[in-house]
Structures are given as C-alpha cells and as structure tokens.
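Derivation of every value follows stated rules applied to the coordinates shown; laboratory data play no part. Predicted model, so just to flag it, every value in this text is computed and none were measured. Here Cβ is always computed from backbone atoms with ideal geometry, including for glycine, and neighbour counts include all displayed protein chains.
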Amino acid sequence: MAAKLMVGNWKMNGSLAANASLLSEVLGGMGGVTCRAAVCVPSVYLAQMQSLLAGSAMALGAQDVSAHEDGAYTGEVSATMLRDLAVRYCIVGHSERRQHHGESDLVVASKAQRALAAGITPIVCVGESLAEREAGQTEVVVKRQLAAVIHANGHCISEIVLAYEPVWAIGTGLTATPAQAQQVHAVLRAQLQAATAHAERVSILYGGSMNAANAADLLAQNDVDGGLIGGAALKAPDFLSMLKTASR
Ligand code: 13P
C-alpha cells in the first residue's frame, strides 16, 4: 500500500511573509513524517513556494489550472506554466470553483486532461451538496462527476488523485463520519476498478473539516488514502499533527 497523501489547500489565504513563516514552522517539524505531503497555494505564490520547498519532502501544488493549452485566455494559468514552476499536483474541480465559477463536469475533465498532459497529477474533487445528500443522490452525483473525468482521460485515469469532499462538510466544522466517508470512497473505488486494471494506484483523499482530532479515525478506513485539508492546514501544529497521524 502506498504511503498516505496529505495535502493542504491554502485556498485564498496567505502573504509573502505569512507563507514563509507557516512553511518554516511546518518544514522544521517534519522529522518522522513518512507520509506523502503537499501544499496547494495561490498561483501568485508558486514561485516563492518553489524556492522555499526546494529540497524538502513537501511537494508543491496549485489550486486550479486552465482547461486551455495556451493563447488568448486573460487571467488563466496553463498546465505547462505550472510545470515550469515544478508544480507536482493541481486541484481541479474543487466545489468552490464548481459553485462560484460555474465549472461543469466537462470543464473539470478537460482541466484534469491538461494537467496529466503536462506531467502534473490532478487532484480531482467530487462531492455532493447537503440537498443532494438529503435527497439520497450522493452516489449518483459523485459517480456522474467522476464518470466525466474517466471518459476524458481513458487509461490515464490511474494517474489521478481523487478527493471526496462533501460540500456540506467544507469549512463548516461538520465532518462526514468515518463510515460515511468509507461508503462513498468504496463506491468511487469500484467505479475506478471498472475503468482501469490499476485502480489501486489511485489515492482517494477525504476532505471537509478534517482536523487533528478526527484525522486518525478517517484515515483508518480501508479506502481513505489521505486527506485534503483546508483550514487546519493553515495552522502549523495542526497540519504537522495530521502529517504524523498519517505516517503511523
Ligand atoms: P476545510 O478543511 O476548511 O473544511 O476545507 C476542506 C477543503 O475544501 C479542502 O480542499
């Protein structure tokens, strides 16, 4: 079994000074950490992070990528530009982008494709809203979201990382129970198995109010291969504690 993968998603937080201080505290406390780790930072700070992370065990990640290759797309950042800055992972299809920026399943699938073509591992996010869960639509929604990415990426699908992030659990302090997370992760694993002989290579992360107190129980589930962490990744002691839990 591959080492767990713990990814901090800083979202739209930070400054040159704050990033340097958070990173130095995290990197300084990583003795004994054996899980895989990454931080996904705002794109303007990728160059700063590239130099701060050089030679460390923490990989660099971006939070989004353009669905286009290059050209007249003002404000967009391409996958090859990210690659230029040694970006290893890129979140695609985060619910905040689906919700506030109108990203469809198709756009998300194209973004995953662009990342893979540039040698970047897309962290593809799927997840249901509270209304969808209450309507019993959880499986239908996450399967539809993943199906689009499978369809666009064919046999390369075993190269992605998948993140199950129930929208109702993001930034709310409400966490899926370990059993709720495992149930959806198992559905996603089965869908991957039907698409590729290498489904076990895909790390399926849980995200949504994961913190130092609940990480161990979530990570103990069979199909929970790591975490995608928002708020708790902005506090060095909390993030470090989770990295250590994932290293057990
Ligand atoms: P929180 O951990 O703040 O709930 O955010 C989760 C998330 O959206 C990570 O991508």
List every residue whose amide H lies under 5 Å from the amide H of GLU103, counting only residues 5 or more places away in sequence or on a different chain, with H placed 1.01 Å from N in the peptide plane. ARG98
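Just want the ordering: LYS235, LYS244, from fewest to most Cβ atoms lying within 10 Å of their own Cβ.
Taking fewest neighbouring Cβ atoms as first place, the list is LYS235, LYS244.
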For the chain, radius of gyration divided by Kirkwood radius, i.e. Rg to Rh on alpha-carbons: 0.94
Separation of region 79-94 and region 180-216 by C-alpha centroid, Å? 22 Å
Would you mind checking which residues have amide H under 5 Å from CYS90's amide H? H placed 1.01 Å from N; only 5 or more apart, or other chain. ALA62, THR121, ILE123
Stretched fully, the stretch from GLU25 through ALA186 gains (0.36 nm per residue minus C-alpha distance, one decimal, in nm) 54.4 nm
To the nearest 0.05, the calculated FRET efficiency linking SER51 and LYS235 through their beta-carbon distance, R0 being 30 Å, is 0.85
Cβ density ranking, 10 Å radius, fewest first, applied to CYS156, CYS35, CYS40, CYS90 yields CYS156, CYS35, CYS40, CYS90
Residues whose built amide H sits under 5 Å from the amide H of ALA59, excluding neighbours closer than 5 in sequence, are ALA37, ALA38, VAL39
